[in-house]
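First, the structure itself, so that you have it in front of you.
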Amino acid sequence: GPITFVPDKFTMTAGPVQTVSKPFSMTTSALNVAGETTFNYQGPAAIRAIGVNPFDVTGGGISPSHVSGGQWVTGVAQLSAVYNLWGTVKFEIYDQTTPEQKGNSTDIYFSPNSITAKAEIPQDGRDFFYTGEVFKVTLSVLDAQAAPVPNFQGNANIHVEPAFEGLENSYLFTLQDQGVKVFALSTQTPGDYVFSFDTSDGLSAQTEPV
(Lines give C-alpha, C1' and ligand atoms only; values in the text may rest on other atoms or scores of the structure.)
Protein backbone atom coordinates (compact mmCIF):
# COMPACT_ATOMS: atom_id res chain seq x y z
CA GLY A 1 0.00 0.00 0.00
CA PRO A 2 0.97 3.66 -0.12
CA ILE A 3 3.49 5.02 2.37
CA THR A 4 2.78 8.41 3.96
CA PHE A 5 5.69 10.62 4.93
CA VAL A 6 5.03 13.25 7.60
CA PRO A 7 7.22 15.88 9.29
CA ASP A 8 9.30 14.77 12.25
CA LYS A 9 8.34 17.85 14.27
CA PHE A 10 7.19 21.46 14.09
CA THR A 11 8.45 24.79 15.37
CA MET A 12 6.16 27.68 16.28
CA THR A 13 7.13 31.25 17.16
CA ALA A 14 5.24 34.38 18.23
CA GLY A 15 5.89 37.42 20.40
CA PRO A 16 5.82 36.77 24.18
CA VAL A 17 3.09 39.34 24.97
CA GLN A 18 -0.13 39.71 23.00
CA THR A 19 -3.60 41.20 23.47
CA VAL A 20 -6.79 39.19 23.92
CA SER A 21 -8.79 39.00 20.64
CA LYS A 22 -6.25 41.10 18.73
CA PRO A 23 -4.57 39.60 15.62
CA PHE A 24 -0.90 38.68 16.07
CA SER A 25 1.76 37.13 13.84
CA MET A 26 2.73 33.49 14.29
CA THR A 27 5.16 31.44 12.21
CA THR A 28 5.25 27.66 12.16
CA SER A 29 7.60 25.34 10.25
CA ALA A 30 7.39 21.64 9.45
CA LEU A 31 10.79 19.97 9.90
CA ASN A 32 12.35 16.64 8.98
CA VAL A 33 14.58 14.51 11.24
CA ALA A 34 17.60 16.60 10.27
CA GLY A 35 15.85 19.79 11.43
CA GLU A 36 15.43 21.00 7.86
CA THR A 37 12.21 22.50 6.49
CA THR A 38 9.95 19.92 4.82
CA PHE A 39 9.43 22.10 1.75
CA ASN A 40 6.49 20.17 0.22
CA TYR A 41 4.41 19.78 3.39
CA GLN A 42 0.76 20.84 2.91
CA GLY A 43 -0.82 19.66 6.16
CA PRO A 44 -3.42 19.29 7.42
CA ALA A 45 -2.16 20.41 10.83
CA ALA A 46 -4.15 21.55 13.85
CA ILE A 47 -3.36 24.14 16.54
CA ARG A 48 -4.58 24.11 20.13
CA ALA A 49 -3.92 26.15 23.28
CA ILE A 50 -2.30 24.61 26.36
CA GLY A 51 -2.91 26.53 29.58
CA VAL A 52 0.13 27.57 31.64
CA ASN A 53 -1.40 30.12 34.03
CA PRO A 54 -4.25 29.60 34.53
CA PHE A 55 -4.12 25.92 33.60
CA ASP A 56 -7.80 25.81 32.64
CA VAL A 57 -8.41 27.23 29.16
CA THR A 58 -12.03 26.08 28.83
CA GLY A 59 -13.68 28.23 26.18
CA GLY A 60 -10.33 29.20 24.70
CA GLY A 61 -10.02 29.23 20.95
CA ILE A 62 -7.15 29.96 18.58
CA SER A 63 -8.00 31.06 15.06
CA PRO A 64 -6.98 29.64 12.68
CA SER A 65 -7.17 26.26 14.39
CA HIS A 66 -6.17 24.34 11.25
CA VAL A 67 -3.42 24.94 8.70
CA SER A 68 -3.48 23.23 5.32
CA GLY A 69 -2.95 23.57 1.59
CA GLY A 70 -1.83 26.96 0.39
CA GLN A 71 -1.28 28.26 3.92
CA TRP A 72 1.96 26.26 3.80
CA VAL A 73 4.64 27.77 1.56
CA THR A 74 7.77 25.59 1.26
CA GLY A 75 6.99 24.06 4.65
CA VAL A 76 6.42 27.34 6.47
CA ALA A 77 3.09 28.93 7.43
CA GLN A 78 2.94 32.66 8.25
CA LEU A 79 -0.29 33.12 10.19
CA SER A 80 -2.34 36.02 11.47
CA ALA A 81 -3.87 34.48 14.58
CA VAL A 82 -6.35 35.51 17.27
CA TYR A 83 -6.79 34.05 20.78
CA ASN A 84 -9.78 34.89 22.97
CA LEU A 85 -8.74 34.36 26.62
CA TRP A 86 -6.56 36.04 29.24
CA GLY A 87 -3.46 34.44 30.72
CA THR A 88 -0.30 32.61 29.74
CA VAL A 89 -0.55 29.77 27.24
CA LYS A 90 1.57 27.90 24.79
CA PHE A 91 0.28 26.71 21.44
CA GLU A 92 0.77 23.20 20.13
CA ILE A 93 0.67 22.34 16.44
CA TYR A 94 0.42 18.75 15.27
CA ASP A 95 -0.10 16.80 12.08
CA GLN A 96 -3.73 15.66 11.97
CA THR A 97 -2.92 12.26 10.46
CA THR A 98 -0.16 11.52 12.99
CA PRO A 99 -0.78 13.71 16.10
CA GLU A 100 2.42 12.53 17.76
CA GLN A 101 4.33 14.66 15.21
CA LYS A 102 4.03 18.03 16.92
CA GLY A 103 5.72 21.13 18.28
CA ASN A 104 5.07 23.90 20.82
CA SER A 105 5.51 27.64 21.02
CA THR A 106 7.15 29.24 24.03
CA ASP A 107 4.91 30.79 26.70
CA ILE A 108 2.77 33.68 25.44
CA TYR A 109 0.92 36.08 27.77
CA PHE A 110 -2.40 37.53 26.59
CA SER A 111 -3.28 40.83 28.25
CA PRO A 112 -6.62 42.65 28.29
CA ASN A 113 -6.85 45.55 25.88
CA SER A 114 -8.49 48.07 28.23
CA ILE A 115 -10.59 48.57 31.35
CA THR A 116 -13.58 50.85 31.86
CA ALA A 117 -15.13 52.25 35.05
CA LYS A 118 -18.66 53.59 35.05
CA ALA A 119 -20.81 54.92 37.88
CA GLU A 120 -24.55 54.42 37.91
CA ILE A 121 -26.67 57.41 36.90
CA PRO A 122 -29.01 58.67 39.66
CA GLN A 123 -32.73 58.06 39.14
CA ASP A 124 -35.61 60.51 38.84
CA GLY A 125 -33.55 63.00 36.84
CA ARG A 126 -31.30 63.81 39.80
CA ASP A 127 -27.59 64.55 39.34
CA PHE A 128 -26.74 63.27 42.83
CA PHE A 129 -27.28 60.36 45.21
CA TYR A 130 -28.60 60.79 48.72
CA THR A 131 -26.30 59.89 51.59
CA GLY A 132 -27.00 56.27 52.50
CA GLU A 133 -28.44 55.52 49.05
CA VAL A 134 -26.92 52.51 47.29
CA PHE A 135 -25.25 53.21 43.96
CA LYS A 136 -23.25 50.96 41.65
CA VAL A 137 -19.80 51.26 40.09
CA THR A 138 -19.05 48.82 37.28
CA LEU A 139 -15.49 47.82 36.40
CA SER A 140 -15.11 45.98 33.07
CA VAL A 141 -12.00 44.26 31.68
CA LEU A 142 -12.20 44.29 27.88
CA ASP A 143 -10.53 42.60 24.92
CA ALA A 144 -9.54 44.21 21.62
CA GLN A 145 -13.16 43.90 20.41
CA ALA A 146 -14.45 45.81 23.49
CA ALA A 147 -16.04 42.62 24.88
CA PRO A 148 -15.51 41.49 28.50
CA VAL A 149 -12.64 39.02 28.93
CA PRO A 150 -14.57 36.06 30.41
CA ASN A 151 -11.72 34.34 32.27
CA PHE A 152 -9.84 37.38 33.62
CA GLN A 153 -8.55 36.59 37.12
CA GLY A 154 -6.13 39.45 37.66
CA ASN A 155 -6.01 42.09 40.36
CA ALA A 156 -7.32 45.65 40.10
CA ASN A 157 -6.08 48.35 42.48
CA ILE A 158 -8.73 50.76 43.71
CA HIS A 159 -8.26 54.44 44.62
CA VAL A 160 -11.01 56.81 45.69
CA GLU A 161 -10.79 60.60 46.08
CA PRO A 162 -11.77 61.72 48.64
CA ALA A 163 -11.36 58.71 50.95
CA PHE A 164 -14.30 56.29 50.84
CA GLU A 165 -14.98 53.93 53.75
CA GLY A 166 -16.08 50.33 53.25
CA LEU A 167 -14.27 49.66 49.96
CA GLU A 168 -11.09 47.57 49.82
CA ASN A 169 -8.02 48.99 48.05
CA SER A 170 -7.91 46.13 45.55
CA TYR A 171 -10.11 43.49 43.98
CA LEU A 172 -9.13 40.08 42.59
CA PHE A 173 -11.40 39.03 39.72
CA THR A 174 -12.90 35.53 39.74
CA LEU A 175 -14.18 33.32 36.93
CA GLN A 176 -17.72 34.04 38.11
CA ASP A 177 -17.24 37.74 37.30
CA GLN A 178 -16.82 36.99 33.58
CA GLY A 179 -14.69 40.11 33.27
CA VAL A 180 -17.22 42.49 34.87
CA LYS A 181 -17.39 43.45 38.57
CA VAL A 182 -20.26 45.52 39.96
CA PHE A 183 -19.61 47.25 43.30
CA ALA A 184 -22.74 48.18 45.28
CA LEU A 185 -21.75 51.11 47.49
CA SER A 186 -23.15 53.74 49.82
CA THR A 187 -21.78 56.40 52.16
CA GLN A 188 -23.02 58.65 54.92
CA THR A 189 -20.43 61.30 54.07
CA PRO A 190 -21.45 63.93 51.51
CA GLY A 191 -19.01 64.68 48.70
CA ASP A 192 -18.08 64.15 45.05
CA TYR A 193 -16.20 60.87 44.71
CA VAL A 194 -14.01 59.66 41.85
CA PHE A 195 -13.25 55.92 41.68
CA SER A 196 -10.00 55.01 39.91
CA PHE A 197 -8.74 51.55 38.97
CA ASP A 198 -5.46 50.19 37.56
CA THR A 199 -4.03 46.77 36.78
CA SER A 200 -0.56 45.22 36.58
CA ASP A 201 -0.89 45.32 32.77
CA GLY A 202 -0.64 49.12 32.92
CA LEU A 203 -4.34 49.68 32.25
CA SER A 204 -6.32 52.34 34.10
CA ALA A 205 -9.76 53.91 34.20
CA GLN A 206 -11.81 56.19 36.42
CA THR A 207 -15.43 57.17 36.86
CA GLU A 208 -16.94 60.58 36.45
CA PRO A 209 -17.46 62.28 39.84
CA VAL A 210 -20.32 60.66 41.81
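For region 49-103, how many residues are more than 25 Å from Gly35 (Cα to Cα), of a type in the set (Ser, Thr, Tyr) and modelled with pLDDT of 95 or more?
So the count comes out to 3.
Considering only residues that are of a type outside the set (S, T, N, Q), open to solvent by 90 Å² or more (accessible area, probe 1.4 Å) and closer than 12 Å to Phe110 by Cα, which ones fall in region 17-58?
Listed by number, the residues that qualify are Val17, Lys22.
Counting just the residues of region 106-136 that are part of a strand (DSSP E or B), open to solvent by 40 Å² or more (accessible area, probe 1.4 Å) and out of contact with any Pro (no Cβ under 9 Å at 6 or more places or on another chain), which one comes out farthest from Pro209 (Cα to Cα)? Even if it seems obvious, please write down each step before you answer.
Filtering region 106-136 for residues part of a strand (DSSP E or B) gives 108-111, 114-119, 135-136.
Still in the running and open to solvent by 40 Å² or more (accessible area, probe 1.4 Å): 109, 116, 118, 136.
Those left that are additionally out of contact with any Pro (no Cβ under 9 Å at 6 or more places or on another chain): 116, 118, 136.
Values: Thr116: 14, Lys118: 10, Lys136: 13 Å.
Result: Thr116.
Then there's this: For the structure I just gave you, tell me whether Ala163 is modelled with pLDDT of 95 or more and surrounded by fewer than 16 Cβ atoms within 10 Å (Cβ to Cβ). Working first, answer last.
On the way: modelled with pLDDT of 95 or more: no; surrounded by fewer than 16 Cβ atoms within 10 Å (Cβ to Cβ): yes.
When the stated conditions are applied, Ala163 does not pass them.
Moving to a separate point now. Looking only at region 166-178, filter to residues that are exposed (fewer than 15 other Cβ atoms within 10 Å of the Cβ) and within 20 Å of Phe135 (Cα to Cα); which one of those is modelled with the lowest pLDDT?
My answer is Gly166.
A further question follows. Restricting the first residue to region 77-96 and requiring it to be closer than 28 Å to Thr199 by Cα and open to solvent by less than 40 Å² (accessible area, probe 1.4 Å), which pairs with a second residue that is part of a strand (DSSP E or B) and among the hydroxyl-bearing types (Ser, Thr, Tyr) meet a Cβ separation below 6 Å and a spacing of at least six or different chains?
Between residues of region 77-96 that are closer than 28 Å to Thr199 by Cα and open to solvent by less than 40 Å² (accessible area, probe 1.4 Å) and residues that are part of a strand (DSSP E or B) and among the hydroxyl-bearing types (Ser, Thr, Tyr), the close pairs are Thr88/Tyr109.
Yes or no, residue by residue, for (1) of a type outside the set (S, T, N, Q); (2) in contact (Cβ under 8 Å) with a residue 24 or more places away in the chain:
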site: Gln101; (1), (2): no, yes
site: Ile115; (1), (2): yes, yes
site: Gln123; (1), (2): no, no
site: Tyr130; (1), (2): yes, no
site: Val141; (1), (2): yes, yes
site: Asn157; (1), (2): no, yes
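Quick one: in region 179-200, of everything that is part of a loop (DSSP other than H, G, I, E, B) and open to solvent by 50 Å² or more (accessible area, probe 1.4 Å), which residue is modelled with the lowest pLDDT?
Let us first name the residues in region 179-200 that are part of a loop (DSSP other than H, G, I, E, B), namely 179, 186-193, 200.
Within this subset, residues satisfying the condition of being open to solvent by 50 Å² or more (accessible area, probe 1.4 Å) are 186, 188-190, 192, 200.
Numbers: Ser186: 95, Gln188: 94, Thr189: 94, Pro190: 94, Asp192: 95, Ser200: 91.
Among them, the one singled out is Ser200.
Scan region 59-70 and give yes if some residue there is open to solvent by 60 Å² or more (accessible area, probe 1.4 Å), in a loop (DSSP other than H, G, I, E, B) and among the polar types (S, T, N, Q), otherwise no.
no
The values are calculated or read from the model by the stated rules, or taken from the named source; none is laboratory data. Not measured: the values here are computed from a predicted model. Reconstructed Cβ throughout: ideal geometry from the backbone, glycine too, with neighbour counts over all protein chains shown. Only protein heavy atoms, including side chains, enter the accessible area calculation; ligands, DNA and RNA are left aside. Shrake-Rupley method; radii C 1.70, N 1.55, O 1.52, S 1.80 Å.
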